[in-house]
Structure formats: structure tokens, C-alpha cells
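Have a look at the structure below, then the notes.
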Amino acid sequence: MSDFWILLTGALVASCCGVLGVFLVLRKMAMIGDAISHSVMPGIVIAFLLSGSRDSLLMMFAALLCGLLTTFLIQMFQQSGIQSDASIGVVFTALFAIGVVLVSLYARQVHLDQDAILYGEIAYVHWNIWELGGVNMGPKAVWLLGITLLIISTVIGLFYKQFKLCAFDPALAAAIGIPVALFHYLLMGLVSMATVSSFESVGAILVVGLLIIPASTAYLLTDRLGLMIALSVAVGVASTFLGYGTAVLLDASIAGCMVCAAGFLFVLAFLFSPSQGIIIKKLRIRKLA
Amino acid sequence: MERIWSMLADPNMQWIFLGCTLLGLSSGVIGCFSYLRKQSLMGDTLAHAALPGICIAFMLTGIKSIGLFLIGAGIAGIIATFGIGYITRNSKLKQDAAMGIVLSAFFGLGIVLLTLIQHGSYGNQAGLDKFLFGQAASMIASDVITMTIVCISLITICTLLFKQFKIISFDPGFARGLGYPVAFLEQLLMLLIVVAVVAGIQAVGVVLVAALLITPAVSARYWTDRLGLMVVLSGLFGAVSGAIGTWISASVSNLPTGPVTVLAATLLFVVSILFGPQRGLVAKRLLRKSVKQRYQRENELQLEGSIKKEAAL
């Protein structure tokens with residue numbers, strides 16, 4: 001039964017990240033995803049210190065605020081003349097450092113493990129059960145991730161056209177009256193939500209692997225946005241299963257193995273993608289010659 | 001206060017203090033070039049990519065020595081650089097996605113290896129996880145000496161090749177025209193970044209070492225338009241934050257060095273962004289105010305002039 005819950009949690013994380021990652025990769029903002037996944041850390045810690053529990057709405061809200069603050073600061077520094085990647089670097093390292101200092105100062109008073117935030121403990125997911133009136137409703141993490149996935153797919157589904165246009169041609173989107181900045185912040189808010197609801201399972205640092213790698217893999221396989229989202233989710237879920245299997249075999253970190261599996265699938269797509277793959281391209285050239 | 005002085009009197013502590021200051025200095029200097037070449041996040045990627053290199057070096061030899069880790073992490077960093085370049089050249093993925101992929105895949109591999117080491121029968125692995133956030137106090141004399149040598153040689157190389165690095169930072173095409181080996185110099189600069197990152201890992205940690213490259217350079221940019229001065233200032237900022245970081249983290253128990261150093265650097269950055277001459281927010285505000293006042297004064301003069309003219313008519 002524990003295997004089932006772990007795999008379900010992993011699959012939910014991969015789906016949340018897969019959908020959002022597509023837009024990050026298309027808008028060339030992969031590193032902003034990385035920055036947000038680091039900088040929600042102080043939000044998580046502060047909310048934890050205030051509420052004392054791991055899965056509160058407060059934590060979600062604090063992380064959302066942190067994510068939006070990161071986006072805002074990055075944009076502000078960029079406008080004041082700092083190069084974009086340098087402003088990303090300054091902002092997320094500073095926020096992450098605040099988070100780590102808070103954890104190390106208060107770690108002994110509260111039950112918050114630094115390692116758990118960073119690498120996640122998906123193996124313990126099924127111990128943290130949500131009980132409603134004495135009835136076992138399954139792990140809390142699954143519920144939290146399920147709700148997050150529901151919110152993400154509702155928002156993306158409702159504004160699919162707008163997100164699509166913003167991803168491919170922000171200038172045109174602005175010209176026909178779509179509030180591009182609003183959708184930018186909306187996307188970043190969703191990314192922070194996805195990060196905070198998955199940090200318990202895969203950790204704050206490896207979330208970025210599940211955000212970017214499956215989406216990039218899907219990007220190499222297709223040219224259609226809808227198909228790309230579906231493929232990205234599929235690749236993410238596949239790497240969860242593959243990674244869990246490997247982790248059990250090797251007795252190693254589950255989150256680490258999941259990201260490695262995603263990396264492995266990316267390499268496969270990079271080499272053998274029917275339209276983009278290096279080896280396929282070489283073969284085609286040889287056939288022509 | 002007495003505790004602080006007694007701490008500084010401790011010879012071991014003096015070494016660590018010196019090492020971290022030098023580390024901040026050298027990363028600040030190299031960070032300037034990587035900032036100007038728009039490769040700030042490369043440091044971050046290389047730092048994360050170094051983790052599997054360090055783990056493999058430990059697994060193969062079973063000893064914790066900064067020299068071996070430097071070699072392992074250096075090799076991993078070079079593979080990561082080539083990986084990013086290869087992905088960007090051979091697919092439609094852009095550099096940011098390529099960096100994200102390499103960063104997270106390498107880091108994931110590093111975490112897997114780290115857990116393998118922890119669960120496996122490798123003796124004496126305690127403290128390997130200190131690499132994630134850095135614990136300067138855990139360094140021993142030989143580590144500090146290696147770090148000092150590395151930092152001094154980095155600064156020396158940068159001083160000797162200052163002119164060449166200056167040209168390839170601002171105008172690589174011109175450098176090629178002059179006959180400089182641009183590709184070689186670029187690779188060399190990348191290698192120096194790798195070395196600076198790896199040297200910093202033990203003191204600042206894998207996750208945050210990139211900040212030592214980025215933040216001082218960005219702060220220094222606010223004070224000057226001249227590269228020479230910028231490099232000096234950035235080195236100074238880096239050195240000060242390294243010193244403050246070591247000092248505070250050693251005086252409060254259970255506080256890793258890395259985050260404190262980064263926060264010190266960030267504080268300097270905030271001061272720079274507020275009070276830098278010409279570019280700083282305060283200076284800009286003042287400039288705007290004075291321009292507005294001058295405009296109003298001139299307007300008033302003109303108004304007076306036209307009134308006089310009308311009166312004369």
C-alpha cells in the first residue's frame with residue numbers, strides 16, 4: 001500500500017510541475033522557476049514557525065507571497081539596469097539564505113528538518129494520514145497535491161488561449177489587450193504553489209528538475225502546445241515510476257532518482273526524437289547523401 | 001565582545017578567517033568578468049554540478065581532502081559546461097532551459113550518490129553533507145592552506161591576464177581581430193569560475209556559492225563605470241562578506257557559514273543599490289529633483305521675461 005501512495009504522490013507532483021514547466025520553458029524562464037523553487041524556502045519556514053504544522057493553508061499562502069515577491073524583485077532589479085540572470089541570482093540566493101538561517105536558528109525548537117525541506121521525504125508520505133471523523137482519508141500530501149493540481153488545471157484550462165499567446169508572442173498579446181503582466185504573475189504564483197505543495201515529497205531543490213526536464217523533453221518531441229503539455233505530464237509520471245523503481249533497487253534517495261530518471265528520458269529524447277534527435281538527424285543526412 | 005577577541009586570537013580560527021576572506025576576494029574578482037559576460041547563473045549551475053564530482057571523488061578514494069574534491073568537482077564542472085553548450089547548439093532548447101536541465105540532473109545524481117555513501121559502507125563520511133551549506137569551522141589547516149593557494153593563484157592569473165579578460169568581456173569580436181586566442185581565453189575564464197566555485201564550496205556550500213560570484217560584482221557595478229575599479233571594489237565586497245560570514249557563524253552555534261556570508265553580501269548590495277553614485281536609487285531621486293527644480297526655475301525666468309516683453313509692448 002505504501003508503494004501505491006508514494007507513486008500516486010510522485011505522479012501528482014510530476015503532473016503539477018509538468019503542466020507549468022511547459023510555459024516556463026516556452027517563455028525562456030526556466031531559471032526563474034529554479035529561483036522560485038529556492039526562494040519559497042523562507043515562506044515555508046516562517047509559516048511553519050507561526051503555525052507549527054507542515055500542511056497548513058498558511059504555508060501555501062506564505063510561499064505564494066514569497067514566489068510573487070521573488071518575481072517582483074527580479075523584475076524591479078532588471079528594470080533598474082541589472083542583467084536579468086544576475087538579478088535572478090542575487091534575489092534567490094538572498095531569500096534562500098534567509099530561509100536556511102531561520103531553519104538553523106530555530107531547528108531545535110520546532111520539528112522542521114533542513115534535509116526534509118531540501119530533499120523531501122516521499123517515503124514517509126503514507127505515515128502522515130488525514131483523518132476525518134475517525135475515517136482514514138489517505139495521506140495529507142495526496143490531498144494537498146490533488147487540490148493544487150485541480151487549481152492549476154482549472155486556471156490553465158480557463159485561460160489556455162491567453163497563456164498560449166503570452167508564451168509565444170507577448171507583444172501581440174499586449175497589443176490585443178491581454179494583461180500580459182497579470183498572466184506573468186499568475187503563472188509565477190502557480191509555480192510557487194506547485195513548489196510548496198511538492199517540497200515535502202521531492203524537496204525544494206529538486207522540484208526544479210521536475211519542472212524543467214520533462215517539459216524540455218516534450219519540447220523536443222512535438223511542435224504543438226496541447227500535445228506538449230500532455231507529453232510533459234506523461235514523461236514526468238514515467239520518470240517518477242522509473243525513479244522509484246531505481247531508488248528501491250539501489251536504496252538511494254527517491255527524489256534524486258526521480259530527477260535522474262527524468263534526465264535519462266531527456267537524453268533519450270535528445271538522441272532519438274523523431275524530428276529533433278541528433279542520431280535521427282545524422283541518419284537522415286546519411287540517407288540523403 | 002571578549003569572546004570575539006578570544007576567538008580571533010585562536011590560531012586555527014585566524015587561518016579560517018584568512019581563507020574565507022581570500023575566498024570572497026577571489027570570487028568577487030572573477031565574478032566581475034562573468035557578470036560582464038552575462039554568465040552570472042553559470043556559477044550556480046557549476047556549483048550544483050560539482051556535487052556528483054565531489055561524491056565520486058570521495059567514493060573512489062575514501063578520503064576527505066579538498067584537493068581531490070577540487071579535481072572531481074572540476075571535471076564534473078567541465079562536463080556540465082560542455083553539456084550546456086552541446087544542448088544549446090544541437091537542439092531548439094535555449095540556454096536557460098539547458099542550464100536548468102544540467103543543473104538539476106547533476107544535482108539529482110549528486111543527491112543519489114550522497115545517499116548511497118551514507119547508506120553504504122564508506123567509513124568516515126560524517127561531514128560530507130556539510131558541503132551543501134558550508135561549515136567554515138569544520139575546515140582543517142591543510143584545507144585552508146589549499147584554499148589559500150588556490151585563491152591567490154586565481155587572483156594572480158586575473159591580474160596577469162587583466163587586459164585580455166577585459167577585451168573578451170566587452171568585445172570578443174575585436175579581441176579576435178587583434179589576434180588573441182579568444183576561444184582559449186573563454187575556456188580559461190570558465191575554468192577559473194569552476195575553480196573559484198569549487199574552492200568556495202567547503203566554506204559557503206553548493207547551493208549558495210554562486211552568490212559570492214554574482215552579488216559582489218553587481219554591487220560593485222553600482223559604484224563605478226571603470227572595470228579596474230569595479231574588480232577592486234567587487235573583491236573588497238566579497239572579502240568583507242566572507243569575513244563577516246565566518247565571524248558570525250563561528251560565534252553562533254549551529255549556524256552554517258554560507259547563508260550568513262550571502263546575507264552579508266546582500267546587505268552590501270542593498271547599500272549599493274540605494275547609495276551608489278549616479279545609479280543608486282537615492283542619487284537618481286536627487287538628480288530627478290534637481291532637474292525638476294532647474295526646469296521650474298527656467299520656466300519662471302521665461303515667464304518673467306515674457307511678462308516683461310508684454311509690458312514693454
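The values are calculated or read from the model by the stated rules, or taken from the named source; none is laboratory data. Since the structure is predicted, the reported quantities are computational estimates derived from the model, not experimental observations. Using ideal geometry, Cβ is built from the backbone for each residue, glycine included, and neighbour counts are taken over all protein chains shown.
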Please identify the pairs in which a residue from region B:91-113 that is touching a residue at least 12 places away in the same chain (Cβ under 8 Å) and assigned to a helix (DSSP H, G or I) has its Cβ atom under 7 Å from the Cβ atom of a residue that is surrounded by fewer than 24 Cβ atoms within 10 Å (Cβ to Cβ) and hydroxyl-bearing (Ser, Thr, Tyr), counting only partners at least 6 apart or on another chain. B:ALA98/B:THR88
Check whether at least one residue in region B:237-252 is more than 25 Å from A:GLY81 (Cα to Cα) and part of a loop (DSSP other than H, G, I, E, B), and report yes or no. yes
For region B:225-241, give me each residue that is within 14 Å of chain A (Cβ to nearest Cβ) and modelled with pLDDT of 90 or more. B:MET230, B:SER234, B:PHE237, B:GLY238, B:SER241
Could you look through region A:256-289, keep only residues that are within 17 Å of the chain's Cα centre (by Cα) and facing chain B (nearest Cβ under 7 Å), and pick out the one that is surrounded by the fewest Cβ atoms within 10 Å (Cβ to Cβ)? A:GLY263
Checking A:ILE212 against (1) more than 8 Å from chain B (Cβ to nearest Cβ); (2) buried (at least 24 other Cβ atoms within 10 Å of the Cβ); (3) aliphatic (A, V, I, L, M), which test does it fail? (1)
Breaking point among (1) of a type outside the set (Phe, Trp, Tyr); (2) within 14 Å of chain A (Cβ to nearest Cβ); (3) under 24 Å from B:LEU41 (Cα atoms), for B:MET59: (3)
Single match in B:LYS64, B:LYS92 (criterion: within 9 Å of chain A (Cβ to nearest Cβ) and out of contact with any helix residue (DSSP H, G or I) (no Cβ under 6 Å at 6 or more places or on another chain)): B:LYS92
List pairs: first residue in region B:251-267 and within 10 Å of A:THR93 (Cα to Cα) and within 9 Å of chain A (Cβ to nearest Cβ), second residue modelled with pLDDT of 90 or more and surrounded by fewer than 24 Cβ atoms within 10 Å (Cβ to Cβ) anywhere in the structure, Cβ distance under 7 angstrom, at least six positions apart or on different chains. B:LEU263/A:ILE98
Only residues that are at pLDDT 90 or above and either β-branched (Val, Ile, Thr) or under 12 Å from A:LEU187 (Cα atoms) (or both): list them for region A:20-67, please. A:LEU20, A:GLY21, A:VAL22, A:PHE23, A:LEU24, A:VAL25
Given the conditions (1) at pLDDT below 90; (2) assigned to a helix (DSSP H, G or I); (3) more than 9 Å from every other protein chain (Cβ to nearest Cβ); (4) under 19 Å from B:GLY108 (Cβ atoms), which single one is not true for A:ALA204? (2)
Just need a number here: residues in region A:45-94 that are more than 14 Å from chain B (Cβ to nearest Cβ), farther than 18 Å from B:ILE214 by Cβ and over 18 Å from the mean Cα position of the chain (by Cα). 13
For B:LEU287, which of the numbered conditions (1) more than 18 Å from B:ILE30 (Cβ to Cβ); (2) in contact (Cβ under 8 Å) with a residue 24 or more places away in the chain fails to hold? (2)
Within the group B:SER26, B:SER34, which residue is closer than 19 Å to B:VAL209 by Cα, within 11 Å of another protein chain (Cβ to nearest Cβ) and within 16 Å of the chain's Cα centre (by Cα)? B:SER34
Out of region A:138-168, which residues are small (Gly, Ala, Ser) and more than 16 Å from the chain's Cα centre (by Cα)? A:GLY138, A:GLY157, A:ALA167
Only one of A:ALA94, A:ALA47 is under 30 Å from B:TRP223 (Cβ atoms) and among the aliphatic types (A, V, I, L, M), namely A:ALA94
Could you tell me which residue of region A:232-253 is nearest to the other protein chains (Cβ to nearest Cβ), considering only residues that are under 16 Å from the mean Cα position of the chain (by Cα) and surrounded by 19 or more Cβ atoms within 10 Å (Cβ to Cβ)? A:SER239
In region A:218-289, which helices (runs of 4 or more DSSP H) lie fully inside it and hold 2 or more residues that are within 17 Å of B:TYR86 (Cα to Cα) and of a type in the set (Phe, Trp, Tyr)? A:254-272
